[in-house]
Amino acid sequence: MKRLEVIGWWFNEQAPTELPRPQLLVDAAARAHAAPLTAYLRAGASLLRYPEPSFCRFACGEEDMGHADLTDGRFVWPEGLAHYVERHDVRLPEHFVNHALAQPLPLAPFALPKAKFGLYDSAPWVAWAKAQRACPDLHGFEIPTLDVLDRIAVDLGPVPHEAILACRGSSREVILAVEGGGIELHQLKAGGNPPQRFAGWHEWPLCGFGPQRARAPTTLSRRPKPGIPMGEFFANLKPQRDRQS
Ligand SMILES: [Zn+2]
């Protein structure tokens with residue numbers, strides 16, 4: 001299967017993984033090619049529609065971020081990516097920008113691939129973003145499944161929190177959303193490290209890079225096997241997200 005290179009997947013504060021925070025990729029120099037680049041981003045063909053609309057990670061109030069993934073047959077990106085370039089001066093990988101600016105619009109017709117798991121390759125995007133120091137360091141953390149959430153809630157007991165965002169089995173640590181928009185790193189074992197508070201994800205340490213930090217990305221516990229239709233998976237995922245938030 002020919003894979004599509006992912007561009008523009010962002011960190012989600014409610015479901016944290018090692019995807020980049022666009023706030024760390026703001027660059028006024030990106031304005032120079034913003035107009036032709038956003039035109040290209042809007043010209044992609046719709047590959048897949050999600051049940052829930054996307055939202056702006058800058059919380060700027062924009063609500064029309066779209067439901068779809070768009071593709072040009074080589075790359076795939078969320079419909080809302082143009083907004084980040086146009087309104088927030090977010091910088092994208094140079095090889096993608098060069099490719100986009102070299103293509104005539106409208107796009108030449110191409111065969112739209114089937115949206116199946118395994119089609120998307122996000123590794124180059126994450127590697128690029130880590131090299132830009134734009135990714136929170138969440139090595140080993142996972143988004144908890146429903147039964148894991150229940151077990152963590154029992155272990156937490158009276159610890160005040162608004163949501164359990166992520167967990168790391170190897171260190172028995174959980175990341176909690178706490179009152180006032182903060183987050184707390186909490187170790188579940190007796191006599192463990194004292195809780196660490198952060199005012200928000202902007203204070204969380206970032207992924208380093210170099211040989212000793214070359215690690216597998218954070219995984220979603222319910223990561224599906226290649227070949228499963230994406231529409232079906234995301235339709236089933238929604239109840240879990242509702243429960244967590
Ligand atoms: Zn915005």
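Quick check on the range 71-90: of everything there that is without any contact (Cβ under 8 Å) to a residue 40 or more places away in the chain and more than 10 Å from the ligand (Cβ to nearest atom), which residue is nearest to Phe11 (Cα to Cα)?
Glu79
Would you check if there is a residue in the range 55-62 being under 18 Å from Phe117 (Cα atoms) and out of contact with any strand residue (DSSP E or B) (no Cβ under 7 Å at 6 or more places or on another chain)?
No, because not a single residue in the range 55-62 is under 18 Å from Phe117 (Cα atoms) and out of contact with any strand residue (DSSP E or B) (no Cβ under 7 Å at 6 or more places or on another chain).
Ala108 is checked against (1) away from the ligand (no atom under 16 Å from the Cβ); (2) more than 20 Å from Pro16 (Cα to Cα); (3) touching a residue at least 40 places away in the same chain (Cβ under 8 Å); (4) assigned to a loop (DSSP other than H, G, I, E, B) and fails just one. What number does that condition carry?
It is condition (3) that Ala108 fails.
Can you spot a residue in the range 125-147 that is assigned to a loop (DSSP other than H, G, I, E, B), within 16 Å of the ligand (Cβ to nearest atom) and under 24 Å from Asp27 (Cβ atoms)?
Within the range 125-147, not a single residue is assigned to a loop (DSSP other than H, G, I, E, B), within 16 Å of the ligand (Cβ to nearest atom) and under 24 Å from Asp27 (Cβ atoms).
Conditions: (1) touching a helix residue (DSSP H, G or I) at 6+ places or on another chain (Cβ under 8 Å); (2) part of a loop (DSSP other than H, G, I, E, B). Tyr84 meets all but one. Number of the miss?
Only one criterion in (1) touching a helix residue (DSSP H, G or I) at 6+ places or on another chain (Cβ under 8 Å); (2) part of a loop (DSSP other than H, G, I, E, B) is unmet by Tyr84, namely (2).
From Leu107, Leu165, Leu112, Leu92, which residue is assigned by TED's automatic domain parsing to the domain that holds Pro36, buried (at least 16 other Cβ atoms within 10 Å of the Cβ) and closer than 29 Å to Leu70 by Cα?
Of Leu107, Leu165, Leu112, Leu92, the one residue that is assigned by TED's automatic domain parsing to the domain that holds Pro36, buried (at least 16 other Cβ atoms within 10 Å of the Cβ) and closer than 29 Å to Leu70 by Cα is Leu92.
Pairs under 6 Å by beta carbon, first residue without any contact (Cβ under 8 Å) to a residue 24 or more places away in the chain in the range 44-70, partner assigned to a strand (DSSP E or B), six or more apart or different chains?
Final answer for the pair search is His67/Arg49; Ala68/Ser46; Ala68/Arg49.
Just to be sure before I move on: is Pro93 in contact with a Phe, Trp or Tyr (Cβ under 6 Å, 6 or more places away or on another chain) and more than 16 Å from the ligand (Cβ to nearest atom) in the structure I sent?
It is true that Pro93 is in contact with a Phe, Trp or Tyr (Cβ under 6 Å, 6 or more places away or on another chain) and more than 16 Å from the ligand (Cβ to nearest atom).
Which pairs turn up if I take residues in the range 11-31 that are in contact (Cβ under 8 Å) with a residue 40 or more places away in the chain and look for partners that are assigned to a loop (DSSP other than H, G, I, E, B) and basic (Lys, Arg) with beta carbon separation below 6 Å, at least 6 apart in sequence or on another chain?
Phe11/Arg21; Pro22/Arg57; Leu25/Arg91; Asp27/Arg91; Ala30/Arg91
Working only within the range 61-78, note down all residues that are assigned to a loop (DSSP other than H, G, I, E, B) and out of contact with any Lys or Arg (no Cβ under 8 Å at 6 or more places or on another chain).
Hits for the range 61-78 are Gly61, Glu63, Asp64, Met65, Gly66, Asp72, Gly73, Arg74.
The values are calculated or read from the model by the stated rules, or taken from the named source; none is laboratory data. Everything quoted here is computed from the prediction, not taken from an experiment. Cβ: placed from backbone, ideal geometry, glycine included. Neighbour counts: every protein chain shown.
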